[in-house]
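What follows is one structure encoded as structure tokens, with my remarks underneath.
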Amino acid sequence: MDKSDIVTRCIDEILEGKASLEDCVRRYPGLADEMRDLLAVAESIHQQRPVISPQFKSYARSRIFAGDSPAPLPRERQGVIGWLNPLTLTNGIRVPVAVLLAVFAVAGSGVTIAYASQSSLPGEVLYPVKISSENVRLAFTVTPESKAKLNLELAGRRVEEAVTQSVRGQDVSGTTAQAVARHLDAVIKEIESLDNEEKSKSLISQLSVSTINQQATLSQLIAETPESKHAALEETIDASRRGSTVAVVADANPSFLESAPSVADIRLEETYFKLEGVLQSAGDDWNLGGITVKSVNLPKAARYSVGSRMAVEGIIRNGRAFISSVKSKEDKGNEVKIEGVFGGADPDGVWYISGIAIGRPQGTGQASGGTKVKLTGLVQNGVFVVTRLEAGDTPRDVKITGKLIEVSRNGDTIVIEVAGARLTTSIEKAEVTTDSGVKLDKSDLRALTGQEIVISGLKSKEGILYAGKIYVGDESLASLSGASRSGDSGEKEAGTKSGDDERKRD
Amino acid sequence: MAQLSDDLLIKKAATGDKSAFAALYDRYVEQIYRHVYYRVSCQADAEDITQEVFIRAWKAIRRYQRGEALFVSWLLVIARNLVTDFYRARKKDDLLEDKNIPTTPDTSPEVALERRFEKDELRKAISKLKDLKQKVLIMRFIDGFSYSEISRALRKSEGAIRVIQYRALLDLRKIIGREEESNG
């Protein structure tokens, strides 16, 4: 090391607080004078370093996203030219007055009106102009892909309007939820119409990211606003959550979109179920632990093993069970678990959970229709012997399930993959437990990379997602004790077991 | 999030992921603020310009091309352009002419004046260094960049940057010494 190196390194160490001048002088006594002089010069510059105010830092961060989104797509940049085209509309579309106003606003002297309307909120004078100009854009967006993207953007815009209204202390418009649902439904319809699998996948991922962010933002807003103002926000969060559910199922099993799921359908999730038990038969109908799931429609990559314990998730629509997840589980004998919405009982007393008949219950009282339940027990001769009845998830607790992709070096953030989309989430304030409540250290998450985790209590503030709680499978404890390194974690994607009974869907 | 790579965060931000861009903001806002502040010497102006740097970067994130230049270098280019615009608008070409040094509420006028004097003297001394030496000292001690970042931004090896820094400090010591002598 030459002199310049030694002096430079010493100055660095001193300024970073890793060493004192005395330490350096002791190490290099021959350079003491030079070091003192140069350190004094370096310190005098270093002391001039301005300190950023935390208030500014926080304020500026919130302002970044108040304007436009990143680089508008080329098609959107042609907006002004495109907006002139409504004058040539000849396909019989009825042009409302507000649309004409929007066209006038853009084409004529009213550019300012159209521009000013973009920041207007529901109930304000210029809001109809804003909506009309959006409709004009939609009318002249041609491809399903660009229509889907524009609708996704507009759904996000409706949520942002709700946020602005709430922050200003105004009541959120009662039409927000319907508008969000309408745009999300348009996204789903356009995705369904696409022939290109890759583009569909990408749009489903975008639907997933957007709807999760919308829910997390609204959830934070609900936490910060008085209860009297929650109704419209809750309706909107419900619409976004249904959009998220559609994305998750469609990502795993695209044929679900053929059933025309609608975010506007408030009963959409009432047939979402999770069922775990020994797979007794697997034809068109499946028998899991004595419970029959009719007309099973599996994802392409699903693998299963008759005679093994399996966990499936999916949604029932139009008499078909669209499965989104199939996994093998550790043997637990004949125990059956089902989670879903209690739909009531038939005249024979047979209970229906998310549209699946589970038999006559024994060992539990009556549940109220429409409530979420988790039942554990055994099925014997058409009777479901309940050993445990739990309430389902808290409504509007934003919950996502996905694969843990990465834990940051300082352990403060994780990346989770949901429906093909990767989300970065702060876990600074999160608690980590196994499903049965065993508390884990956040640093344990590193060993669980690649495994499925559940985040609940997800909120978003200033564009950052914050996890409330993180749940990992009880089987993950085996991973923490080193089993994961040998590839023998308790929970595996279905099909990792070998055996004569293993099947793979064509 | 603070530890995820810039590349990953940029890629995510380009898809519209605000949290990823917010992480980039958190990572670089102080460096950009210091860089701007040194050049405009006014807290309010430095804050306005810093905010504008990130607003522009967010809007243009899809146009950022990962090549030789680091993300922070890209931000610095935006910052420099905005500082130039700022002075053009105010018809102030000489950065060192600006005496508008802010004070904090707990600073007495005497101390503030002394600091301003020291600051100006130091700035004048630094401005007498060769351009490259000025850049290295400012990037290292004011902006707070690492050697690796400076080496990428100035396209020189880290070893060379250390040597330049050492020589710049020696030169600065001489300049300050001369000025002290001439001041009596």
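When both the stretch A:284-298 and the stretch A:128-155 are represented by their alpha-carbon centers, they are found 41 Å apart.
Between the stretch A:306-336 and the stretch B:7-73, the alpha-carbon centres lie 47 Å apart. In terms of other Cβ atoms within 10 Å, A:Lys149, B:Lys18, B:Lys174 run from fewest to most in the order B:Lys174, A:Lys149, B:Lys18.
Could you please report the charge total around A:Gly169, scoring K, R as +1 and D, E as -1 over all other residues with beta-carbon less than 12 angstrom from its beta-carbon? Net local charge, A:Gly169 excluded: 0. Going down the table (A:Lys300/A:Lys327; A:Lys442/A:Lys469; A:Lys18/B:Lys133), which pairs top 20 Å between alpha carbons? Going by Cα-Cα distance, A:Lys18/B:Lys133 fall outside the 20 Å limit.
A short reminder: the numbers here are calculations on the coordinates, not readings from a lab. What you see is a predicted model; the values in this text were computed from it and never measured. All Cβ positions, glycine included, derive from the backbone under ideal geometry; neighbour counts span all protein chains shown.
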